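Undergrad: Dropping a structure here in structure tokens format, bear with me for questions.
The values are calculated or read from the model by the stated rules, or taken from the named source; none is laboratory data. What you see is a predicted model, and the numbers here were worked out from it, not measured in a lab. Cβ coordinates were reconstructed from backbone atoms using ideal geometry, including for glycine residues, and neighbour counts include every protein chain displayed. The accessibility values were calculated without ligands, DNA or RNA, using every heavy atom of the protein model including side chains. Shrake-Rupley method; radii C 1.70, N 1.55, O 1.52, S 1.80 Å.
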Amino acid sequence: MLRWIRQQLGFDPPHQSDTRTVYIANRFPQHGHYIPQRFADNRIISSKYTIWNFIPKNLFEQFRRIANFYFLIIFLVQLMIDTPTSPVTSGLPLFFVITVTAIKQGYEDWLRHKADNEVNGAPVLVVRSGSLVQTRSKNIRVGDIVRVAKDETFPADLVLLSSDRAEGTCHITTASLDGETNLKTHFAVPETAVSQSVSRLETLQAVVECQQPEADLYRFVGRITVTHQGEEIVRPLGPENLLLRGARLKNTKEIFGVAVYTGMESKMALNYKCKSQKRSAVEKSMNTFLIIYLGILLFEAILSTILKYTWQAEAKWDEPFYNEKSEVERNSSKILKFISDFLAFLVLYNFIIPISLYVTVEMQKFLGSFFIGWDLDLYHEESDQRAQVNTSDLNEELGQVEYVFTDKTGTLTENEMQFRECSINGIKYQEINGKLVPEGMTEDTPDSSAPHLSREEELFLKAVSLCHTVQISYDQPDGLGDPFSHANGFTSQMEYYASSPDEKALLEATKRMGVTFTGISGENMEVKTFGKSEKYKLLHVLEFDPNRRRMSVILQNPSGERVLFTKGAESAVLPYAKSGEIEKTRVHVDEFALKGLRTLVVAYRLFSTEEYKEVARRLHEARTALQQREERLADTFSFIEKDLEVLGATGVEDKLQEKVQETIEALRLAGIKVWVLTGDKHETAVSVSLSCGHFHRTMNILELVQQKTDHECAEQLRRLSRRIREDHVIQHGLVVDGASLSLALREHEKLFMEVCKNCSAVLCCRMAPLQKAKVVRLLKTSPEKPITLAIGDGANDVSMIQEAHVGIGIMGKEGRQAVRNSDYAIARFRFLAKLLLVHGHFYYIRIATLVQYFFYKNVCFITPQFLYQFFCLFSQQTLYDSVYLTLYNICFTSLPILVYSLFEQLVHPHVLHNKPALYRDISRNAILSFKTFLYWTTLGFCHAFIFFFGSYILMGEDTSLMGNGQILRANRQLMFGNWTFGTLVFTVMVITVTLKLALETHFWTWMNHFVTWGSIAFYFIFSLFYGGIIWPFLHTQDMYFVFVQLLSSGSAWFAIVLIVVSCLFPDVVKKVFYRHLQPTSTQKSQMEEDKVSVGSECDSAESRDRGEDNCQLLAASPTPCHGAEPPSPSLLRSTRASAVWTPCAASRRAIVAVPGWPGWWGD
């Protein structure tokens, strides 16, 4: 326990060294000096709380919120000193908010506990004491040998020891880790691969030394020392030897592996780490407004305290005859009395801070986020994928985006590759009917039964067929035996699985041309050339990495020669070539890129016997190194991949996604700048940018590429800046490559930003993943602080997705890492337009109005309380009954604003989608600007003054208030008492603030009607019951019969109507005035929409068209009345209607409603 506490405080880190030593089967050295290392158990803990720490930990987290902590202080003050209101008035709302939040978080954590228990309790087989023992997953220890069968997931990170295959290989899929569905081959070292039975494993003496746990899924550095007949054999271990927890065994009957990382130290668990918390602009504005209102509260409390003591300076008011002070009160400290009075006023006015704002905002975000998933316009039928919300905290941020950073491959394009052209030995070829034909020629022997390839063509196709990491899946379930036995009739039985779509497209192309890769057996790769089989011994694989941008294989061909085949980006291969048609190939690569094709250059090198020995030695040393393995491997790869002979290049087409051009144009019209960040080469990226509409043909394309020095880069930036100033009428596009970008960001960041901001579109090519994040951060932290959005589909996009204010993952073919790390996920780029222009618009106006309205209604609520003190000698007498104080925000005014914030639509979604410029009306946090905040606050104070003084002037001198003639006395205090006056003010206030929201509502549903009029009705019904019955559990009942007597007066009803109209009439006049004389773009669209709606009232066809966007919500609508006929199911299916709008069945505008059906059918 003490050790655990020390670890939590950071005094006793669990790992003291950079490496860990794992004794297989936990056979520790027998000498007495060995102290075993301590490792984590295999329990996965994704939950946040335990049954013991839930209450303290949850309370601590909730009271970190400024509003919750503030109300806690107020509640404690009410308990400690004599305050004018009951502690219940602060305690009950606080308890409600804390309880609701705790229940929500507790339920979510219970679900996590349930999932953890299922995983930790799963049965596993472990080798112990010479036999297989079944135990639970959580009982696996580091060093245990675990057996995993086909289609089972690995319960810990295991180093593969052996499989049912003699060569010690197995196939796995890591779909649950990175989304890649291709089969990956993993290997056991030869010394352990022979231990295929429990008895052989029991005699195995081996030690694994490896690095301490880290989150990188693709990095593992270790070595295994096997003691065989007294001799120690050391073998390197890398990612290809490690089976990750969460991956699944495929096409292999069983494997045995030793656990090296368990539980929360497994790579999967280390990737659970929470993303940095993103906060929306609305939330930041909300916190600023809270601080301003806190200042108003302190001002009112201080002013009231000062005025109280100023008033009491006169003896007759300090100690009137009816309230003489005791001796203790006369002798008490003036300072303590001042502080006590200040705190009492603070309690009296504390409701100006809306505690229920937070819980309402949370509910609005949580419930509102479902609309994105329900929207069938964001549903992709081919892949059966809906839009996904990973965090609801940023919904409104979708309406504030100013910059979009997008990946190209798989985001703007389909990531479905098709082989188009290639260059072999300086000659360009095309594929015609499955044959290679030189450019400009046609297939002259279509019926030839003896196809022929030249030596150069055959060598090129063999290089493409052998230089890859593709796996083959066969129909036979266990994949047993020699895969080459499938050679006859393989076409219908085998399928290529590749981590890269390029590799799959190239292999399928070579197969059509007669050179077919048929599989790997042990160390042999087989290629069939027009039916003739050749086996190549696979000696080494030099894996692809983003820094080298190439991959290689070293093979021994059938004649015994050792040959290196390399493929990669032209900038990563051609500089290392010394022979072949280098210049012609470079020209052809540029031509392919101008057509928008993805290019790869293929080269080879023959090794002499001495050269190969040196290569093998260096590779072995680098791969067995525990320290700086990556650096040593990089140096070795550079030594090997040189003096290349160029064979040719390939051109693969990645076609654009549907409606990409329209989407980019819509974003541009909305005032959003689009930047494309890609790893592709310059020419390919520019070609795709032109074809997708990112660059226009009339746009002046500026280039900042191939800059070598800081000085050269600065000069080019200055030239570009001058060109932009001189040609300010023309639109400009900027192209930057990764190397030039590094120079620009190093010394000339300000100049670079100036150039970028004056360009309509920016294209960054040859970008590394971290460079993408740097570019996003550069814009994000610029003085203007624009809201940024990043969208991508691959693991290389994760860094920029996490860096941007809003991250969106595309459910593409490059895995699910982007989706898992994103805030929102969509299936296609074209869905981004609706997500921003429609959903973003709706979310922003809803929550912005919610925040402003909350502050407005609380100013209305508490200002009369402040004004009342001027009439009661600052005696801290409360104007409202404590029950009204408690229920005002919880019951009487909470539901209308919640429903408004879920369903409000200023403009029809079709209009928003078709007029992207309307997005500009809400940009830069327009509705939550200080000007708008000042308007709502001032309006609240004005209404509060009208409530108070209107009631006082109209009713204060009325001696016949009761209207029943019982008492007609001039002393109004007997008739028009404190509680009657306060109840009148409160009644007027509840009606006015509710109707004010009704005036702000444009989209009326049955639910809006229900909660608006229902809230007012509930207030009257509750007040009648509360004041009409003597409740035995209440100590005092000041409100008894007050409300009934108030409503029995005709004068009171007249006052209520007059005051409500006086408050709202100027607001109506202002709206009409501004709407017709100074309308915004949104208001113009509303008026146009109204005209269309009225004109189409009698046009049933047009009415049906307007209804198609919401037709899938019919299930949530009331039964249609007699004679109302719904659209046909086929029509509903074909239109892919949207479920975002509202499951409500009322008309947006009553004049066009079709009885019995939702208003949008006739809108």
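Undergrad: Using a 1.4 angstrom probe on the protein heavy atoms only, line up 991, 946 by accessible area, largest first.
TA: So the residues, ranked largest to smallest area, are 946, 991.
Undergrad: Is there a quick way to get the dipole size of segment 74-199? I mean about its Cα centre, with the Cβ of Lys and Arg at +1 and of Asp and Glu at -1; what is the value in debye to the nearest 20?
TA: In debye, rounded to 20, segment 74-199 gives about 300.
Undergrad: Please give me, ordered by residue number, the GluC sites (Glu not before Pro) of segment 500-573 that lie in loop per DSSP and have at most 15 other Cβ atoms within 10 Å.
TA: 523, 561
Undergrad: Now for a separate question. With a sphere of radius 9 Å drawn around the Cβ of residue 236, what net charge do the other residues whose Cβ falls strictly inside it have (Lys, Arg +1; Asp, Glu -1)?
TA: That sum, taken over residues with Cβ under 9 Å, equals +4.
Undergrad: Can you tell me the length gained on complete extension of the stretch residue 709 to residue 136, counting 0.36 nm per residue apart and subtracting the Cα distance?
TA: Here the segment from residue 709 to residue 136 would lengthen by 200.3 nm.
Undergrad: How much accessible area does residue 799 have with a 1.4 Å probe, in Å² rounded to the nearest 10?
TA: Around 30 Å² of this residue is reachable by solvent.
Undergrad: Given +1 on the Cβ of Lys and Arg, -1 on the Cβ of Asp and Glu, and no further charges, what dipole in debye does segment 381-422 carry about its Cα centre, rounded to the nearest 20?
TA: 140 debye
Undergrad: In whole percent, what relative contact order does segment 693-800 give with Cα contacts below 8 Å and a gap of six or more residues?
TA: Relative contact order comes out at 26 percent.
Undergrad: How large is the accessible surface of residue 1053 in square angstrom, using a 1.4 angstrom probe and rounding to the nearest 10?
TA: It works out to around 110 Å².
Undergrad: Same structure, new question: Quick one: accessible surface of residue 1007, probe radius 1.4 Å, all protein chains present, in square angstrom to the nearest 10.
TA: 50 Å²
Undergrad: Can you flag which of 511/535; 278/915; 595/673; 462/681; 659/681 are past 18 Å Cα-Cα?
TA: The answer is 278/915; 595/673; 462/681; 659/681.
Undergrad: Could you list log10 I(q)/I(0) for segment 132-233 at q = 0.18 Å⁻¹, which the Debye formula gives when each Cα is one point scatterer?
TA: Summing over Cα pairs of segment 132-233 leads to -1.07.
Undergrad: Report the per residue volume, in Å³, of the convex hull enclosing the C-alpha atoms of segment 849-914.
TA: Each residue corresponds to 88 Å³ of Cα convex hull volume.
Undergrad: When only the heavy atoms of the protein chains count and the probe is 1.4 Å, how do 953, 730 rank by accessible area, highest first?
TA: Largest to smallest exposure gives the sequence 953, 730.
Undergrad: Compare the Cα positions of 398, 369, 350 along the charge dipole of segment 346-398 (+1 at Cβ of Lys, Arg; -1 at Cβ of Asp, Glu; about the Cα centre) and return the one farthest towards the positive end.
TA: Going by the charge dipole, the pick is 350.
Undergrad: Would you kindly calculate the mean projected area, averaged across all directions, of the convex hull enclosing the Cα atoms of segment 576-653, in square nanometres?
TA: For segment 576-653, averaging the hull's shadow over all directions gives 6.4 nm².
Undergrad: On to the next question. Measure off 7 Å from each Cα along the Cα-to-Cβ vector at residue 537 and residue 57, then give the distance between these two points in nanometres to one decimal.
TA: 5.7 nm
Undergrad: In nm, to one decimal, how far is the modelled label at residue 1072 from the one at residue 631, with both set 7 Å along Cα→Cβ?
TA: 7.9 nm
Undergrad: Also, quick follow-up: Leaving out ligands and nucleic acids, note down the accessible area per residue over segment 152-247 with a 1.4 angstrom probe, in whole Å².
TA: Using a 1.4 Å probe on heavy atoms only, each residue of segment 152-247 averages 37 Å².
Undergrad: In terms of solvent-accessible area of protein heavy atoms at a 1.4 angstrom probe, what is the ranking of 979, 374, 936, highest value first?
TA: Of 979, 374, 936, the descending order of accessible area is 374, 979, 936.
Undergrad: Rg over Rh of segment 681-740, using C-alpha atoms and the Kirkwood radius, what does it come to?
TA: Answer for segment 681-740: 1.00.
Undergrad: Assign unit charges at the C-beta atoms only (+1 for Lys and Arg, -1 for Asp and Glu), then state the dipole size of segment 662-778 relative to its Cα centre in Debye, rounded to the nearest 20.
TA: So the dipole magnitude of segment 662-778 works out to roughly 220 debye.
Undergrad: Over the alpha carbons of segment 798-865, what is the largest minus smallest coordinate on each principal axis, giving the biggest first in Å?
TA: Sorted largest first, the three principal extents are 62, 22, 13 Å.
Undergrad: Now, a different point. Counting only protein heavy atoms, what percent of the accessible surface of segment 510-608 is carbon or sulfur at a 1.4 Å probe?
TA: 50 percent
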